[in-house]
Structure formats: structure tokens, C-alpha cells
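Notes follow the structure.
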Amino acid sequence: MAQRIGKNVIELSEPPCILSYSSVTGKTEGEGPMGKEFDFCYPDDGIGKANWNEAEAELLFQAVNRTIEKRKLYRSDIDLILAGDLLNQCTASTFGAKDFGVPFAGLFGACSTMAYAMAMAAVMVEGRGFDNVIAATSSHFCSAEKQFRFPLEYGGQRAQTTQRTVTGGAACLIGRGFEPLVIPRVLFGRITDYGVKDAGNMGAAMAPAAARTICDYLTDTGTEPEDYDLILTGDLGSTGTALLYDLLYDQYRIDISPVHEDCGNLIFDPNKQDVHSGGSGCACSGVVVCARIIPQMIKGNLKRVLFVGTGALLSPEVVLQGKSIPCIAHAAELQRR
């Protein structure tokens, strides 16, 4: 049975396994330093669809479908798909998952969605309500720009603190089994709002939520940063990463820099690609985890990873109203048996 450790962490007595995983991306991601690690990279961001929303839905569909096929399962073997994205009413996830014909639950965690979905799936499987649950997410640079900033045709200038939304889809299958990679503990984050109003500086808005979740997790589990091979944050980018280090040390006297990486800093090459402060979007942490972290753990190169997905819980209306941006960070610990 699952039990709570401290105030926030949930420990799973029968840790579910990661049974399968997949990542698909767009052209720019394929040209980055992780290009050869993704399962598939589309040659253009149109993905052969009529509009950007349909293109994003196709990315999610392909990630989920490849995950099922890798495990040599039928679609009917899947008990539930947990998925979310950045678009209104999670439309990319809805249209991407509708043809599978299996139960679906839409999640909104913004860029924290992959960690959120993995944590939810692990709790559901450990509770024996489900056998096979897919955690999935997607994002698309063009659909996100159209919704939250300006359509690309507008030609607006982007500040140096902005990040490029990753065009991609990611999925992993969580269930019971004897595979080497398990999820023994999870944490559902608390909303944190430091009053940041700049929608062009998501790193600054999300860094406090990441700091809070990391501190809560380490405190409740009685662990130190050096107990992990890697502490991986979702998509703070270069701006948010620097702020995270300052917040953790100034407020909690915690230094994670020797074992920390950020997905927004890993997926693009800032010297060769014009991505400003790095990568972002739901797919940012999703494709990095499914393309690099899980394979490295299965190979034995990493044995214990704390994955902290970060998300800005804003909407286009909130931005126009000049409100501050509430943020959240969910955590899922990945461990090799």
C-alpha cells in the first residue's frame, strides 16, 4: 500500500515499472544535440497536417502508438491514457488520443505535465485500479506562440529571457512487471506564486516552484542532493536554472548544482540554435526523459534520478489581464532496481 512520508511524498510499497517509452519531435529538435536519441524526428514542423493544432495532436498520437507497439501490445491492453498539453481544453491530447478507443483522462499541469502524468499513473497502478497506464504529453512551438504570444506571421520580437517551445510528443507505459526501472516515490507540488507577470520569462516564474518541491522532497525523504545521480528539472532554461540555484541556497542552504541538469538546457544548442534562454513546453521534459534519461537508466549509467517537472499555470486571459503567474512542480523519482 502507498504511504505518505513526511507532509508531501508518497512512497509506493509495490513500485510500478516503466514498461515502454517513446519520443517524437520536430525539425529544430532533430537538429539539436539530442537529435539522434529521439525515436523519430519530422523533417518539418507541419507534420503533414492542415494546421498547428492538428500537427501537435499527431505528435501525441505517434508517441503513444509507438509506445504501445514497442511493448508488442494491442490498444485494448491499455487501461487508461493520461495526457495533457498547453492548448485550450487540452485539445491536442483529446484529438491525439481519441482514435485509440481506450479510457482517457486529460491533465493540465502546463510544462509539468509529464512528471504529473507519470506520478498519477504510478499511484493508480500501485493501487491496483489499473494494470497498464500511459502517461503522455505534447507541445508545438507554433501552436504555443499562436496561443500565448503572437502568431509567427506577426513577426514579433522575442526577449532574451523567452524560451522556444519544444515541438514534440512523449509517452511512457507504466505498469506492473519485472523491468529494471521503477517509480518508488512521487510528490504532487504546491502552487507557488512569486508575483512574476512577464509571460516572456517563464524560467523566473517557475524557479520558485521547483525550489519548493526539491526542498520538500529532500526534507521528507531525509536525502541529500548527492544521494541522486541526477536531479532533473523540467524546463527552466538558463535564466530559471540560475535563479533556482540562488533560491535553493539562499532560502534552504541546498546546493544541487553538482548533480543538476535542466531539460530546457539539454535539448537545444544555444550556440548554434536561436533559442534564447533554452527549451520549454510540455514536450521539453517529456522527450528528454523518454529519449535520454530512461535509456541511460536501463543501461545502468544512472541509478537514481529525481525528475521534477515545472509548469506555469497561466492562460491567455491571465496574461492579458496582467495577473501574476502561479506555478507548480511535480516530482517522480526514477530508480533502477
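The values are calculated or read from the model by the stated rules, or taken from the named source; none is laboratory data. A quick note: this is a predicted structure, and the numbers were derived from the prediction, not measured. A quick note on method: Cβ atoms are made from the backbone with ideal geometry, for glycine too, and the neighbour counts reach across all protein chains shown.
Observations, loosely collected:
- Of all residues making up the range 181-198, the number that are surrounded by fewer than 16 Cβ atoms within 10 Å (Cβ to Cβ) and either modelled with pLDDT of 95 or more or in the same structural domain as Gly109 (by TED's automatic domain parsing) (or both): 3
- Qualifying residue in the range 287-299 (condition: in a strand (DSSP E or B), within 19 Å of Ala210 (Cβ to Cβ) and under 14 Å from the mean Cα position of the chain (by Cα)): no
- Given (1) closer than 30 Å to Phe61 by Cβ; (2) crowded, with 24+ Cβ neighbours inside 10 Å; (3) touching a Leu at 6+ places or on another chain (Cβ under 8 Å); (4) not aliphatic (A, V, I, L, M), index of the condition Gly177 fails: (2)
- Among residues of the range 184-222, those that are among the aromatic types (Phe, Trp, Tyr) and part of a loop (DSSP other than H, G, I, E, B), counted: 2
- Lone unmet requirement of (1) part of a loop (DSSP other than H, G, I, E, B); (2) assigned by TED's automatic domain parsing to the domain that holds Ala110; (3) in contact with a Leu (Cβ under 6 Å, 6 or more places away or on another chain) for Thr161: (3)
- Residue count for the range 248-269 satisfying the condition of being of a type outside the set (Val, Ile, Thr) and either crowded, with 18+ Cβ neighbours inside 10 Å or not assigned by TED's automatic domain parsing to the domain that holds Ala210 (or both): 8.
- Filter pass, Gln163 being at pLDDT below 90, over 19 Å from Ala55 (Cα atoms) and touching an Asp or Glu at 6+ places or on another chain (Cβ under 8 Å): yes
- Among the candidates Leu19, Leu73, Leu82, residue that is of a type outside the set (Asp, Glu), part of a strand (DSSP E or B) and more than 17 Å from the chain's Cα centre (by Cα): Leu19
- Qualifying residue in the range 8-16 (condition: farther than 26 Å from Thr310 by Cβ and either crowded, with 20+ Cβ neighbours inside 10 Å or not assigned by TED's automatic domain parsing to the domain that holds Ala135 (or both)): no
- Positions within the range 66-81 being in contact with a Phe, Trp or Tyr (Cβ under 8 Å, 6 or more places away or on another chain) and not β-branched (Val, Ile, Thr), in sequence order: Arg66, Lys70, Arg75, Asp79, Leu80
- Considering residues of the range 175-200 that are in contact with a Ser or Thr (Cβ under 9 Å, 6 or more places away or on another chain) and of a type in the set (Val, Ile, Thr) only, the residue farthest from Lys299 (Cα to Cα): Val196
- The residues in the range 300-330 that are within 16 Å of Cys172 (Cβ to Cβ) and under 17 Å from the mean Cα position of the chain (by Cα) can be counted, and the count is 4.
- The range 252-274, subset at pLDDT 95 or above and in a helix (DSSP H, G or I), residue farthest from Arg212 (Cα to Cα): Leu266
- Meets criteria (crowded, with 21+ Cβ neighbours inside 10 Å, among the hydroxyl-bearing types (Ser, Thr, Tyr) and modelled with pLDDT of 95 or more) for Tyr228: yes
- The set of residues in the range 80-100 that are surrounded by fewer than 17 Cβ atoms within 10 Å (Cβ to Cβ) and touching a residue at least 40 places away in the same chain (Cβ under 8 Å) contains only Asn88.
- Only listed residue being closer than 24 Å to Glu11 by Cα, of a type outside the set (D, E, K, R) and part of a helix (DSSP H, G or I), chosen from Ala136, Ala122, Ala105: Ala122
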